[in-house]
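These notes are about the structure you will find just below.
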């Protein structure tokens, strides 16, 4: 969860700690598993070969993979769709994705649809994402929305390591409960930890825990009773106040009375956030923000992945 107060640590990084009040993680008493948990890992490596970015390393264990590299906007930028064939994660499952971009490589990673985290039956599910980008590389991590079913117990970790002149755009959309089906997130808990480093320097660190029906779900320093939150973070050297103003304008036009949207610019990092009750509005806002940020950051117009329209 990503709505809270922030402060700078002694390194100058932005630090957000959302584990407040009754939202702190609680002990989970786990009954025996009926089926063995699934473990899946995916390792990807991208490298620049002349004017082309190639997927030079692709290994996986378990049901997590990339089928083939795609080039919808030319050879310079490689698109990869991370596929989890089961379509959902159950209690006890563990997913791990590691991707490395060599110097000068450009890659966009996304997913074919919403990630679904099912009822845990008392067992914690985990996901670890580790992304690194070498000198002059550009990395975009743009998965589609994540849906937490009622009674899900989930721990998410997301670590990004960038060279001093690498660029990064990452987004996430978190949906608590299947509200379209009339289901709320009444029990369960979600824990998150996110860190971003550039040139070895910590720029962003955030951690938090949301327990259903807690102050973190209902209080003004948490979700405030809303069911959808979304974040886009961009790191690079060409983020301007003009871009900031444009994003705020788009946010006001798009949200209207359906949630709130804010954008903050901090030297080489921009953070945009939505809090509301509509996954459709969240997706539209994150998409519009990405389409504005991308040309400024990496000099390329946004090429919307076809998979987003299916």
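We did not get these values from a lab; they are worked out from the coordinates using the rules stated. Predicted model, so just to flag it, every value in this text is computed and none were measured. Counting neighbours? That spans all protein chains shown, and the Cβs are built from the backbone with ideal geometry, glycine included.
Just one residue in the set 113, 122 is outside any strand (DSSP E or B) and under 22 Å from the mean Cα position of the chain (by Cα); that residue is 113. Note on segment 227-243: residues that are buried (at least 16 other Cβ atoms within 10 Å of the Cβ), outside any strand (DSSP E or B) and either out of contact with any helix residue (DSSP H, G or I) (no Cβ under 9 Å at 6 or more places or on another chain) or free of Cβ contacts under 8 Å to residues at least 40 places away in the same chain (or both) total 0. Can you pull out the residues in segment 143-160 that are surrounded by fewer than 19 Cβ atoms within 10 Å (Cβ to Cβ) and either in a strand (DSSP E or B) or under 19 Å from the mean Cα position of the chain (by Cα) (or both)? Answer for segment 143-160, where residues must be surrounded by fewer than 19 Cβ atoms within 10 Å (Cβ to Cβ) and either in a strand (DSSP E or B) or under 19 Å from the mean Cα position of the chain (by Cα) (or both): 155, 157, 159. Got at least one residue in segment 250-265 being surrounded by 19 or more Cβ atoms within 10 Å (Cβ to Cβ) and under 18 Å from residue 139 (Cβ atoms)? For segment 250-265, residues surrounded by 19 or more Cβ atoms within 10 Å (Cβ to Cβ) and under 18 Å from residue 139 (Cβ atoms): absent. Residues of segment 217-226 that are out of contact with any strand residue (DSSP E or B) (no Cβ under 8 Å at 6 or more places or on another chain) and in contact (Cβ under 8 Å) with a residue 60 or more places away in the chain: 219, 221.
Selection within segment 166-208: residues that are farther than 25 Å from residue 294 by Cα, touching a residue at least 40 places away in the same chain (Cβ under 8 Å) and in a loop (DSSP other than H, G, I, E, B). The member of this set that is nearest to the chain's Cα centre (by Cα) is 177. Does at least one position in segment 209-216 carry a residue that is touching a strand residue (DSSP E or B) at 6+ places or on another chain (Cβ under 8 Å) and either outside any strand (DSSP E or B) or free of Cβ contacts under 8 Å to residues at least 60 places away in the same chain (or both)? There is at least one residue in segment 209-216 that is touching a strand residue (DSSP E or B) at 6+ places or on another chain (Cβ under 8 Å) and either outside any strand (DSSP E or B) or free of Cβ contacts under 8 Å to residues at least 60 places away in the same chain (or both).
Let's see how each residue does on (1) in contact with a strand residue (DSSP E or B) (Cβ under 6 Å, 6 or more places away or on another chain); (2) at negative phi; (3) in contact (Cβ under 8 Å) with a residue 12 or more places away in the chain; (4) not in a helix (DSSP H, G or I):
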{"position": "250", "(1), (2), (3), (4)": "no, yes, yes, no"}
{"position": "254", "(1), (2), (3), (4)": "no, yes, yes, no"}
{"position": "270", "(1), (2), (3), (4)": "yes, yes, yes, yes"}
{"position": "273", "(1), (2), (3), (4)": "yes, yes, yes, yes"}
{"position": "280", "(1), (2), (3), (4)": "no, yes, no, no"}
{"position": "286", "(1), (2), (3), (4)": "yes, yes, yes, no"}
{"position": "304", "(1), (2), (3), (4)": "no, yes, yes, yes"}
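Residues of segment 77-110 that are touching a residue at least 40 places away in the same chain (Cβ under 8 Å), more than 17 Å from residue 160 (Cβ to Cβ) and in a loop (DSSP other than H, G, I, E, B): 77, 84, 86, 90, 91, 92, 93, 104.
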